[in-house]
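See below for the structure under consideration.
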Amino acid sequence: MPQKPDNCTIVIFGAHSDLAARKLFPALYELALWGKLPDEYRIVGVGRAALSHEEFRSKVQEKMAGLFPEAIRNKEAFAAFSARLFYVRADFADREGYDLLHEELMEGSGESGTSRNLLFYLATPPALAPVIVRNLQLAGLGENNASPGSWRKIIVEKPYGSNLQTARELNSVIGEAFNEERIFRIDHYLGKETVQNIMVFRFSNGIFEPLWNRQNIANVAITIAEEFGIRDRGAFYEEAGLLRDIVQNHALQLLASVAMEPPVDFSAESVRDEKAKLLRSIRHFNPESAPQTIVLGQYEGYRTEKNVASDSTVETFAAIKFFVDNWRWKDVPFYVKAGKNLAETVTEIVITFKCPPQNYFGPAESCSYTANQVILRIQPEETIAIKFGAKRPGEAVITDPVYMKFDYKTSFAAVGATPYHRLLLDAMAGEQMNFIRQDSVEYSWAIVDAIRDAVKGQSPEPYPVHSWGPESVQGIY
């Protein structure tokens, strides 16, 4: 984690949201417990409810007691944290609320100096981002109103728009109030230890990088599966669907991490340059290639979920075969499978290597059984496994697959840090490595727009709950 950041105020729009309750306030409290927050800081919640500062503090304590009772057993520590919480009532579309926020930020910090540095976190539906940013600018809270030597930054939650056009419009609006180096587009996957370890695994181990290419790798499979449905997110899913919710960000970021070229150094811009180049190299889709490369599905019963249309054609599953048209990966398939209500909850990347040119140890088809693989498991376990063939004990020479496995929990002492701990500190410190740059957002949307155009007019195929998707998925593998 970075060193202790500058004194600042963290402003959370959507202070009553599920994201704030489950992720942001618990992470900020634990960072305070660990001594990672600035010496002087304030946290200002912004929401529509009419609450005093004390009422807001009680609400935060009540939610944390229900969700994480162990976390607040230290009453003295929580009281010290709670004293740093403040509240401003604002309708996000109403200028008056932003004037009240300006007053609270500029006058409420006293002599602590926390008003010099402001971090805005939009824990709100994505459609509200342009409205909030425009009003921040009009209220004199944009970056161009910061005094010399101070900073103002903004964290924006995914999805960043709903297609390439709206993403560009959102980037333009935010860019009027904040410079690119002050904009932090957050994807919590990039804060996971196992995702951050992909580059370390590749580029710090001489036995892997020389093999990481089309000459040696047969295919790469990325799975982001959840065994539960959309839960209470019907309204959001009807608007977004799985392509916008998962593929445009999580899946493509994982693909970029595993397939990018080595950066010239380990700076944020160099790493993000290589990720952007990789996304730009992904072969786009068209109606002619779609039947062999795209399968969209919808789990049985989705249309009866709360806030879902009875004739909905929204996808809750996608299986897509990507190709990266560059020197390293030409014609190597990258399979991405993601969905809701699948057989299990798992996120992993499986790199399958080509078979030896001649098989001495059993029938020719046995290579698919014992093919060498590197398996990067991101959740629920955090492991890296290597699969290879070994002789089964006995007189006959029979090859069986065996595994060598590294497990974070058994190999390292747990530090308790979650992606939100790490990413909040990174944003305060100005570290952009694990956030998504504007050009990568637009390249990703261009890919997803092409997928949607390629299957326009087609309804997603139904699939049984707790299966691995529609039967037609086998046709693209």
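Listing for the model above:
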read-out	value
Residue tally, condition surrounded by fewer than 18 Cβ atoms within 10 Å (Cβ to Cβ), hydrophobic (A, V, I, L, M, F, W, C) and not in a strand (DSSP E or B), over the range 309-357	4
Selection from the range 11-45 of residues that are out of contact with any Ser or Thr (no Cβ under 9 Å at 6 or more places or on another chain) and of a type in the set (Val, Ile, Thr)	Val11, Ile12
Answer from Glu107, Glu180 - the residue that is within 25 Å of the chain's Cα centre (by Cα) and not small (Gly, Ala, Ser)	Glu180
Residue identified as surrounded by 15 or more Cβ atoms within 10 Å (Cβ to Cβ), in contact with a helix residue (DSSP H, G or I) (Cβ under 7 Å, 6 or more places away or on another chain), over 23 Å from Met428 (Cβ atoms) and of a type in the set (A, V, I, L, M, F, W, C) among Phe92, Phe86, Phe13, Phe78	Phe92
Complete set of residues in the range 209-243 that are farther than 29 Å from Lys354 by Cβ, at pLDDT 95 or above and of a type in the set (D, E, K, R)	Glu226, Glu227
Index of the failed condition, Arg244 passing every other in (1) surrounded by fewer than 19 Cβ atoms within 10 Å (Cβ to Cβ); (2) touching a helix residue (DSSP H, G or I) at 6+ places or on another chain (Cβ under 8 Å)	(1)
Members of the range 130-140 found to be farther than 11 Å from Gly14 by Cβ and either in contact with a Lys or Arg (Cβ under 8 Å, 6 or more places away or on another chain) or of a type in the set (A, V, I, L, M, F, W, C) (or both), listed by number	Val131, Val133, Asn135, Leu136, Leu138, Ala139
Gly97 vs. criteria crowded, with 19+ Cβ neighbours inside 10 Å and over 29 Å from the mean Cα position of the chain (by Cα)	yes
Residue tally, condition surrounded by 17 or more Cβ atoms within 10 Å (Cβ to Cβ) and over 19 Å from Ile384 (Cα atoms), over the range 182-217	7
Selection within the range 144-181 - among the hydrophobic types (A, V, I, L, M, F, W, C), buried (at least 18 other Cβ atoms within 10 Å of the Cβ) and closer than 24 Å to Arg244 by Cβ	Ile154, Ile155, Val156, Leu164, Ala167, Leu170, Ile174, Phe178
Long-range neighbours under 6 Å by Cβ, at least six apart or interchain, first residue assigned by TED's automatic domain parsing to the domain that holds Thr370 and closer than 30 Å to Gln196 by Cβ within the range 381-394, second surrounded by fewer than 18 Cβ atoms within 10 Å (Cβ to Cβ) and among the aromatic types (Phe, Trp, Tyr)	Glu382/Tyr408; Ile384/Phe406; Ala385/Tyr403; Lys387/Tyr403
Residue within the range 110-123 that is among the aliphatic types (A, V, I, L, M), assigned to a loop (DSSP other than H, G, I, E, B) and under 30 Å from Glu169 (Cβ atoms) present	yes
Residues of the range 164-187 that turn out to be assigned to a helix (DSSP H, G or I) and under 18 Å from Gln248 (Cβ atoms), as a count	9
Test set (1) in contact (Cβ under 8 Å) with a residue 24 or more places away in the chain; (2) out of contact with any Gly (no Cβ under 7 Å at 6 or more places or on another chain); (3) closer than 27 Å to Phe201 by Cα - Ile451 fails condition number	(3)
Any hit, the range 112-127, residues being within 18 Å of Leu28 (Cβ to Cβ), surrounded by fewer than 20 Cβ atoms within 10 Å (Cβ to Cβ) and over 29 Å from the mean Cα position of the chain (by Cα)	yes
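The values are calculated or read from the model by the stated rules, or taken from the named source; none is laboratory data. All of these numbers come straight from a predicted model, not from anything done at the bench. Cβ atoms come from the backbone with ideal geometry, glycine included; neighbour counts cover every protein chain shown.
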